[in-house]
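Worksheet: the structure to be examined is printed underneath.
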Amino acid sequence: MPEPERPPGDRPESLADLLGGRQGAVDATVPPVAFAIGWLAAGLWGGVVAAVLAGTAVAGWRWRRGDRPRSVLIGLLAVCVAALIALRTGRATDFFLVQLVSNAASGLAWTVSIVVRWPLLGVVVGAALGQRSRWRRDPALLRAYARGSWVWVASYLLRLAVFVPLWLGGQVVALVVARVALTWPLVAAALAVSWLVIRRSLPADHPGLRHPVVLFERDDVPAK
């Protein structure tokens, strides 16, 4: 039975809903803030203990809320790895090294995905909508997702442009402030702008993200 048509502005087609950006971004800011408070109060060990406790509390809360165990454990593992790196090097700023590497890797991955014509924005949204790879057989959607994905590449580059100088300069508190400012607010901006880019990239008569116009039976073979 075909899925009923939804108005273009209907809430289920919101990228914020499909990507779940807000809650994950907010959760990611709690351990760094706790680290800075602990570091200011009791030095490196104080920051590490505060961050791990905060990360554990966030993980427990997400677990009770019903988040996937894998997602919960990955979030907690990232905090623990960041804490271990800081202890190993003895530099408080190295608590943010995982974040730097993660943003660099993410920016590279999104760029490569666009180049190979598998834009990650389409992969994520297509999976959320249960479309598998059908969206790739719609040239208009493929082009729109590629353009929207460049917005996310820009967001990762912006973070690196801010984080790297602060990390090199040993600015712990400034790194925390930047982390908070460039997490949920930047995610919200990327969601809004990429959604706008997608909407403007699609032809006026296109039925929307939930209804790919499939022109090919396979990615490279026209349908007969």
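Might you let me know whether the range 73-84 holds any residue that is open to solvent by 70 Å² or more (accessible area, probe 1.4 Å) and under 14 Å from F96 (Cβ atoms)? Looking for residues that are open to solvent by 70 Å² or more (accessible area, probe 1.4 Å) and under 14 Å from F96 (Cβ atoms), one finds at least one in the range 73-84, hence yes. The residues on offer are A104, A154, and the sole one that is within 20 Å of the chain's Cα centre (by Cα), closer than 17 Å to W195 by Cβ and open to solvent by 10 Å² or more (accessible area, probe 1.4 Å) is A154.
Of all the residues in the range 107-121, those that are more than 14 Å from the chain's Cα centre (by Cα), surrounded by 19 or more Cβ atoms within 10 Å (Cβ to Cβ) and aliphatic (A, V, I, L, M) number 1.
Residue-by-condition table, conditions (1) outside any helix (DSSP H, G or I); (2) in contact with a Cys (Cβ under 8 Å, 6 or more places away or on another chain); (3) touching a residue at least 24 places away in the same chain (Cβ under 8 Å):
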residue: V72; (1), (2), (3): no, no, no
residue: L76; (1), (2), (3): no, no, no
residue: V81; (1), (2), (3): no, no, no
residue: L84; (1), (2), (3): no, no, no
residue: V101; (1), (2), (3): no, no, no
residue: A105; (1), (2), (3): no, no, no
residue: T111; (1), (2), (3): no, no, yes
residue: W118; (1), (2), (3): yes, no, no
residue: V123; (1), (2), (3): no, no, no
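For A41, indicate whether it is aliphatic (A, V, I, L, M) and open to solvent by less than 70 Å² (accessible area, probe 1.4 Å). Considered against the rule, which asks whether it is aliphatic (A, V, I, L, M) and open to solvent by less than 70 Å² (accessible area, probe 1.4 Å), A41 comes out as no. Restricting A144, A174 to residues that are more than 28 Å from V48 (Cβ to Cβ), crowded, with 17+ Cβ neighbours inside 10 Å and of a type in the set (A, V, I, L, M, F, W, C) narrows the list to A144. With respect to being farther than 22 Å from R179 by Cα and open to solvent by less than 30 Å² (accessible area, probe 1.4 Å), A128 falls outside the description.
Can you pull out every residue in the range 61-72 that is closer than 21 Å to T183 by Cα and either among the small types (G, A, S) or open to solvent by less than 20 Å² (accessible area, probe 1.4 Å) (or both)?
Start the filter on the range 61-72 by keeping residues that are closer than 21 Å to T183 by Cα, which leaves 61-62, 67, 71-72.
Passing the criteria: S71, V72.
The number of residues in the range 86-101 that are surrounded by 14 or more Cβ atoms within 10 Å (Cβ to Cβ) and either within 19 Å of A174 (Cα to Cα) or modelled with pLDDT under 95 (or both) comes to 11.
Considering (1) in contact (Cβ under 8 Å) with a residue 60 or more places away in the chain; (2) hydroxyl-bearing (S, T, Y); (3) surrounded by 16 or more Cβ atoms within 10 Å (Cβ to Cβ), say which one S133 fails and leave the rest. S133 satisfies all of (1) in contact (Cβ under 8 Å) with a residue 60 or more places away in the chain; (2) hydroxyl-bearing (S, T, Y); (3) surrounded by 16 or more Cβ atoms within 10 Å (Cβ to Cβ) except (3). The residues of the range 157-171 that are open to solvent by 50 Å² or more (accessible area, probe 1.4 Å) and small (G, A, S) amount to a single one, A161.
The values are calculated or read from the model by the stated rules, or taken from the named source; none is laboratory data. As the structure is a prediction and not an experimental result, all values here were calculated from the model. Ideal geometry is used to build each Cβ from the backbone, glycine not excepted, and the neighbour counts take in all protein chains shown. Heads up: the accessible areas ignore ligands, DNA and RNA and are worked out on the full protein's heavy atoms, side chains in. Shrake-Rupley method; radii C 1.70, N 1.55, O 1.52, S 1.80 Å.
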